[in-house]
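*Asks:* Mind looking over this structure? Questions follow.
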Amino acid sequence: MKKIFITSAFSFCLFAVSYAQVDSAALPPVDKSPMDMSYYPVDYPVLKISDKVTEPPAARVIYGRPQKNGRPIFGSLVEYGKVWRLGANEATEIEFYRDVTISDKKIKKGRYTLYAIPSENIWTLIISKDTDTWGAFKYDIKNDVLRVPVPVIQVKAPVETFCMTFSKINSGCNLVIAWDNSKVILPVLFK
Amino acid sequence: MLCSILLYSCADTAKKNTPPRIQLKDTAIAQAESRANPYSPVDVSPMDMSYYPVDYPKLKMTKADNEPLVARIIYSRPHLQGRGLFHGLLSYGQPWRLGANEATELDLFKSITIQGKKVSEGRYILYSIPQQDKWTIVFNKNIDTWGLKPDSTKDAFHFDIPVTRTDNRIEYFTMVFEKAAPGANLILAWDNVEARLYFTF
């Protein structure tokens, strides 16, 4: 009986292995830089199912998350002075659910693409109306809605995976962007 | 004797409800980070998006976008990790969020016809009720939510679509558009199950 047990356990394992290893080539593979989204209010979808919503959704970013993988990032992988897609794969999208004010300029509710031109101490963040595109390869200044210079803040512990998230401030939120040893903050005001 | 063998192997299988940790063929992108990300950890089930026209952002980049933008789906991609889809993951008749984490979102950039029904332009979340031979795909207006706890009072459309069993097993849940004549299909595929939602516009 013990032999039967071992045999069936063995066949189960074989089955499980073959089961997991066969995959279809025709359908898209999983991205190396996975996509993610962040809301303001932070974790809005989770607040919603926990009945903890106190304010309506104001903003959301959707972006690809490349990894540092031991490489120097700014000034190297991401060159200074050039338009960077602020992510990977599809262009990074920021959506405002209401009209907002950034750097004293009114931005209408809607979807936009976000780019950056990094340099050592200051990044220029670009809000563009050219949505649903790929990376920054065909970036066109004609579609700029706004350019905002933001100072670079050094972070002590390097951030492995590129990250965009929001945090609360008075009458608005900050979009926090961090990768490797750099962090920038874009204030978004609800007025 | 045969019965006892069968019984014994069933009992054995049942004991192995915890899936064996085995090497997956897919690129292991979803590993935990060596150092915790202080802002936002990387999801185990990564998010992805699919457009119709297929690869619209790349077409746009190469100025090959001959057809207007129709639809985009944003969803998360859970993976089997040795589990069978209906052996430890989903149950027939129980709503399933068609993904993971945030509710799966469909943006329609124009009003179109889906499975013969007119569907208005706008944003929906999708969930499903899988059965053995058909899946009900639900379009719901409770957007910007987490995939659990679908609110059926905000359902907008129900589509019953047949499912087929495939020879290939798909490790990561996949939603992708394909061109049809005329229109497009939204393919839903995971494990050995495949279903298609038919769009015309």
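The values are calculated or read from the model by the stated rules, or taken from the named source; none is laboratory data. On a predicted model such as this, the values are computed, not experimentally measured, just so you know. All Cβ positions, glycine included, derive from the backbone under ideal geometry; neighbour counts span all protein chains shown. Protein only, heavy atoms only, side chains kept; ligands, DNA and RNA dropped before computing areas. Shrake-Rupley method; radii C 1.70, N 1.55, O 1.52, S 1.80 Å.
*Asks:* Surrounded by fewer than 19 Cβ atoms within 10 Å (Cβ to Cβ) and at pLDDT 50 or above - does that describe any residue in the stretch A:17-27?
*Replies:* Yes, the stretch A:17-27 contains a residue that is surrounded by fewer than 19 Cβ atoms within 10 Å (Cβ to Cβ) and at pLDDT 50 or above.
*Asks:* If you check every pair at least six apart or on different chains, which have Cβ atoms under 9 Å apart with a residue in the stretch B:66-84 that is within 8 Å of another protein chain (Cβ to nearest Cβ) first and a residue that is open to solvent by 10 Å² or more (accessible area, probe 1.4 Å) and of a type in the set (Lys, Arg) second?
*Replies:* That search, which allows pairs on different chains as well, returns B:69/B:60; B:69/B:110; B:80/B:169; B:81/B:21; B:82/B:21.
*Asks:* Further question on the same structure: Looking at the structure I just gave you, is residue A:85 more than 15 Å from residue A:128 (Cα to Cα), open to solvent by 30 Å² or more (accessible area, probe 1.4 Å) and out of contact with any helix residue (DSSP H, G or I) (no Cβ under 7 Å at 6 or more places or on another chain)?
*Replies:* No; evaluated as a whole, the condition is false for this residue.
*Asks:* Filter the stretch B:45-65 down to residues that are in a loop (DSSP other than H, G, I, E, B) and either over 24 Å from the mean Cα position of the chain (by Cα) or modelled with pLDDT under 90 (or both) and give me whichever is farthest from the other protein chains (Cβ to nearest Cβ).
*Replies:* B:64
*Asks:* Going through the stretch A:154-191 one residue at a time, which ones are touching a residue at least 12 places away in the same chain (Cβ under 8 Å), closer than 20 Å to residue A:65 by Cβ and open to solvent by 30 Å² or more (accessible area, probe 1.4 Å)?
*Replies:* If the condition is that a residue be touching a residue at least 12 places away in the same chain (Cβ under 8 Å), closer than 20 Å to residue A:65 by Cβ and open to solvent by 30 Å² or more (accessible area, probe 1.4 Å), then A:158, A:160, A:167, A:181, A:183, A:185 are the ones that fit.
*Asks:* For the list (1) touching a strand residue (DSSP E or B) at 6+ places or on another chain (Cβ under 6 Å); (2) over 18 Å from residue B:176 (Cα atoms), I need the number of the one condition that residue B:105 fails.
*Replies:* Of the numbered conditions (1) touching a strand residue (DSSP E or B) at 6+ places or on another chain (Cβ under 6 Å); (2) over 18 Å from residue B:176 (Cα atoms), the odd one out for residue B:105 is (2).
*Asks:* Restricting attention to the stretch A:63-100, and to residues there that are in a loop (DSSP other than H, G, I, E, B) and small (Gly, Ala, Ser), which single residue is nearest to the chain's Cα centre (by Cα)?
*Replies:* Selected residue: A:87.
*Asks:* Exactly one condition in (1) open to solvent by less than 30 Å² (accessible area, probe 1.4 Å); (2) over 21 Å from residue A:180 (Cβ atoms) is not met by residue A:114; state its number.
*Replies:* Looking at each condition in turn, residue A:114 falls short on (2).
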